[in-house]
């Protein structure tokens with residue numbers, strides 16, 4: 001006996017903005033990260049959480065690409081620079097999603113040639129701090145091109161954070177993708193909503209054991225993450241309903257993703273993550289396989305860092321994500 005479940009999605013424009021911005025983020029469950037560690041400043045995490053941007057990110061370059069299902073590539077290129085005149089670090093990012101080539105057809109089904117579809121986000125982020133408290137903003141100009149149709153949009157992320165260097169507790173809250181569609185795909189069509197979200201993130205780096213744990217509470221602007229209403233239907237057309245208590249517990253955990261990072265020696269980091277919403281939405285019946293589970297590793301050698309993550313979104317589709325980082329200001333310096 002098999003069951004089928006509906007998926008959440010299709011409610012917003014520019015959904016590529018919700019995709020994990022780095023292999024490290026994907027390997028830790030795909031949620032927003034609040035990891036702050038001056039000896040391991042990771043600009044790829046600051047793309048979605050700008051509040052911890054500081055001078056430790058100066059002249060760091062990051063390149064990420066996710067080899068997603070059906071020849072879709074999603075990634076970004078970002079560069080950080082500390083400007084002493086304004087005493088702030090700015091992160092300049094170009095985020096992209098390339099969906100490949102499609103066959104075009106008219107209303108009668110006649111072939112009209114091929115076309116491509118892609119989305120782009122040109123972003124500038126800045127972060128500042130007051131003692132243990134941090135705040136930051138991303139400004140985004142979005143271009144979406146689908147065949148002959150183009151949409152333009154503007155959005156912002158607003159982030160606040162707290163970091164205690166003695167206990168290594170870190171917290172961040174981010175309002176993501178608050179904005180408006182400036183130009184619609186079709187003239188005189190109504191403007192579509194952006195994927196605005198409220199996320200909280202907690203992380204704890206232990207001193208005596210080389211482990212960092214992270215928990216992300218995402219999409220807190222809505223309670224019920226089941227859309228459309230999910231029902232489990234058997235092959236005979238009967239509906240299996242969950243108890244009210246189990247539905248509440250399931251919905252609570254859909255708001256959470258969990259991650260653990262282990263430092264295995266000085267250069268190597270091992271990662272594993274779990275995203276409950278992915279597992280419930282993309283798993284098939286009771287045989288969900290590894291849906292919602294992600295894993296990866298990172299290697300840091302001098303001024304170079306390489307991260308890889310694997311996440312199974314569905315039994316027939318997964319994500320291989322790579323991130324390469326370079327600290328340009330450390331070239332020619334003696335490694336610490």
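Coordinate-derived values only; no laboratory data. Please read all numbers here as calculations on a predicted model, not as lab measurements. All Cβ positions, glycine included, derive from the backbone under ideal geometry; neighbour counts span all protein chains shown.
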| said: Going 7 Å from the Cα of residue 81 along its beta-carbon direction, which residues of the range 120-161 have the amide nitrogen within less than 16 Å of the resulting point? | reply: 123-127
| query | What is the order of 281, 147, 330, fewest Cβ neighbours within 10 Å to most? | reply | 147, 330, 281
| query | Where does each of 277, 25 land when they are ranked from fewest to most other beta-carbon atoms within 10 angstrom? | reply | 277, 25
| field | Neighbour-count order for 248, 74, 43, fewest beta carbons within 10 angstrom listed first | value | 248, 74, 43
| request: Give me the angle, in degrees from 0 to 90, between the Cα long axis of helix 244-254 and the longest principal axis of the Cα atoms of the chain, rounded to the nearest 10. | output: 50
| Computed [θ] at 222 nm, deg cm²/dmol, the chain (DSSP H ≥ 4; -39,500 (n - 2.57); rounded to nearest 500) | -2000 deg cm²/dmol
| field | Part-to-part distance (alpha-carbon centres) for the range 77-101 and the range 42-69, which is given in Å | value | 8
| field | Spin-label model distance (nm) - residue 268 vs residue 37, 7 Å beyond Cα toward Cβ | value | 1.6
| query | Normalised by the number of residues in the chain, what is the relative contact order in percent for Cα pairs under 8 Å and 6+ residues apart? | reply | 21
| said: For q values of 0.13, 0.14, 0.15 Å⁻¹, compute log₁₀ I(q)/I(0) with the Debye formula on a Cα-only model of the range 15-330, without solvent. | reply: -1.01, -1.15, -1.30
